[in-house]
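Everything on this sheet refers to the single structure shown next.
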């Protein structure tokens, strides 16, 4: 079993977008998840989502000056998958491309993210 973990700064709609990106990529690679979790509080080991991904709040502020973040909060979306390392790498790359699909030039992603 391998883990894919992504920190995000999102509201409920943004979290659903992230989960949809993950589900599409898993389906496209015929990879069955053993579970998909969204955590906004404790992540384990006494570390919270705020401590781990709170800097995404700053990224939002820089990329959306003057905009109200609304109900956005730091969260971790984690999926456990039984697959080879090669498939895991392809999944990770595909998910990251799906989270911010606008190419390699400077742009603003719909949901600020960080991969672990």
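The values are calculated or read from the model by the stated rules, or taken from the named source; none is laboratory data. Computed from a prediction, not measured in an experiment: that's the story for all the values here. Virtual Cβ from ideal backbone geometry, glycine too; neighbours counted across all protein chains shown.
Consider only pairs whose beta carbons are under 9 Å apart and that are at least six residues apart or on different chains; among these, list those whose first residue lies in the stretch 103-114 and is more than 23 Å from residue 5 (Cβ to Cβ) and whose second residue is assigned to a loop (DSSP other than H, G, I, E, B) and modelled with pLDDT of 65 or more.
107/100
Condition check: touching a helix residue (DSSP H, G or I) at 6+ places or on another chain (Cβ under 7 Å), over 18 Å from residue 108 (Cα atoms) and surrounded by 13 or more Cβ atoms within 10 Å (Cβ to Cβ). Does residue 50 satisfy that?
no
May I ask you to list the residues in the stretch 1-14 that are touching a strand residue (DSSP E or B) at 6+ places or on another chain (Cβ under 6 Å) and either without any contact (Cβ under 8 Å) to a residue 60 or more places away in the chain or surrounded by fewer than 20 Cβ atoms within 10 Å (Cβ to Cβ) (or both)?
The answer is 1, 2, 3, 5.
Quick check on the stretch 60-77. Is at least one of its residues under 16 Å from residue 23 (Cβ atoms), surrounded by 13 or more Cβ atoms within 10 Å (Cβ to Cβ) and in contact with a helix residue (DSSP H, G or I) (Cβ under 9 Å, 6 or more places away or on another chain)?
Yes, the stretch 60-77 has at least one match.
For the stretch 24-44: of the residues being touching a residue at least 12 places away in the same chain (Cβ under 8 Å) and part of a helix (DSSP H, G or I), which is farthest from residue 95 (Cα to Cα)?
Only one residue fits best here, namely 28.
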